[in-house]
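Everything below concerns the one structure shown next.
The values are calculated or read from the model by the stated rules, or taken from the named source; none is laboratory data. Quick caveat: nothing in here was measured; it's all calculated off a predicted structure. Cβ coordinates were reconstructed from backbone atoms using ideal geometry, including for glycine residues, and neighbour counts include every protein chain displayed.
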Amino acid sequence: MAASPPARILFVAANRLGDAVLGSGVLARLIDEHPGARITVACGKLPAPLFVDVPGLERVHAMEKRRGGAHWFVLWAGSVGSRWDIVCDLRGSLFAWSVRAASRRVARTELRREHRILELARQLRLNPPPTPRLFVSAGRLERARALLGAGAPVLAIGPAANWGGKQWKAERFAETVRRLTAPEGILPGARVAVLAAAGERAQAQPVLDSVPPARHIDLVGAPDLLDLHAMLRLCALYIGNDSGLMHLAAAADIPTLGLFGPSPEWRYGPWGPRAAFVRGAESFESMVSENPNFDWTRPESLMGGLSVDAAVAAAGELWRRVSAGSGASR
């Protein structure tokens, strides 16, 4: 009897970086369930590089938003001539119903107080919930080792975010780094890698400047997100604002501490057994959703309620918890 041909899977991921990472576990689950599958991924232009090492990849279709939803027509035109075994659409669009498929799995955003991972698990009937997982080739991981080099463990810092309101002040990051890498800290003498987009240099540079040149690693503007993810896999600990980089770190399965203020940790907290979050005394609801005077257009930081003491304590608690389990050092 002839072997069945490999499954053909079309996976429609999110447009934003963080959401694309959060949904990556769904694709990983499909690949686990269908060994040898031929994979096409459609997603936003920013997260597209995250999928280039997916096993069985045929194509990554980077969707660039066009007026009137024309980007969906471009995807449809490139897909309608094929018959798919599975179309999995995490954007809740009508696209999944417009192409030929033996099976369709569609998830959408709902207004529930629920983490996005749990929402995906519930809608797609996945048990256990799909922990984010990105694929990295052996060669890419070796390049990451070479780029980081040998030496002391690496503390990774993500001091920027896509909105100024979510950005903890740079001087607080710098003081947190100083305390964590001091002789009495949890990572004495650690090297410090600072990650940010090229346009976020102003937020990142004060943190870099606070660390002796021999111990800092400047990854601001690093062009390849999957390379950054590979380097994060080799770091000892990540601390950063609520951002896509925070989710990249959590998906790397390293201890990851997310700093929260005007965004909901119950929806977008870093996911996984080595992840935690910390926020000031004020809840997201009191800051934002129940505050009639809240202004989303304000560019200044709204993270003032989170102290350095609280962040250092949360990092220490996470470190001790992970160390007591499978080990924290990398």
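Here are the numbers for this structure:
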quantity	calculated
The lone exception for D227 - which of (1) over 19 Å from K169 (Cβ atoms); (2) surrounded by fewer than 18 Cβ atoms within 10 Å (Cβ to Cβ) it fails	(2)
Residue within the range 278-297 that is surrounded by 22 or more Cβ atoms within 10 Å (Cβ to Cβ) and aromatic (F, W, Y) present	no
Those strands (runs of 3 or more DSSP E) lying entirely in the range 191-242 with at least 3 residues in the same structural domain as G280 (by TED's automatic domain parsing) and in contact (Cβ under 8 Å) with a residue 40 or more places away in the chain	191-196, 237-241
Single residue of L75, L94, L90 found to be in the same structural domain as V26 (by TED's automatic domain parsing), more than 18 Å from G25 (Cβ to Cβ), of a type outside the set (G, A, S) and surrounded by 15 or more Cβ atoms within 10 Å (Cβ to Cβ)	L75
Search result, residues across the range 162-172 that are buried (at least 17 other Cβ atoms within 10 Å of the Cβ) and farther than 9 Å from V308 by Cβ	W163, G165, K166, Q167, W168, K169, A170
Scope the range 265-299; condition part of a loop (DSSP other than H, G, I, E, B), closer than 30 Å to C235 by Cβ and in contact (Cβ under 8 Å) with a residue 40 or more places away in the chain; matching residues	G269, W271, G272, P273, R274, P299
Checklist (1) in a helix (DSSP H, G or I); (2) at pLDDT 95 or above applied to P55, failing item	(1)
Pairs where the first residue, in the range 114-132, is more than 22 Å from H229 (Cβ to Cβ) and among the β-branched types (V, I, T) and the second is at pLDDT below 95 and assigned to a helix (DSSP H, G or I), C-beta under 7 Å, 6+ apart	none
Extreme residue, nearest to the chain's Cα centre (by Cα), among residues of the range 75-116 that are aromatic (F, W, Y) and either assigned to a helix (DSSP H, G or I) or at pLDDT below 90 (or both)	F95
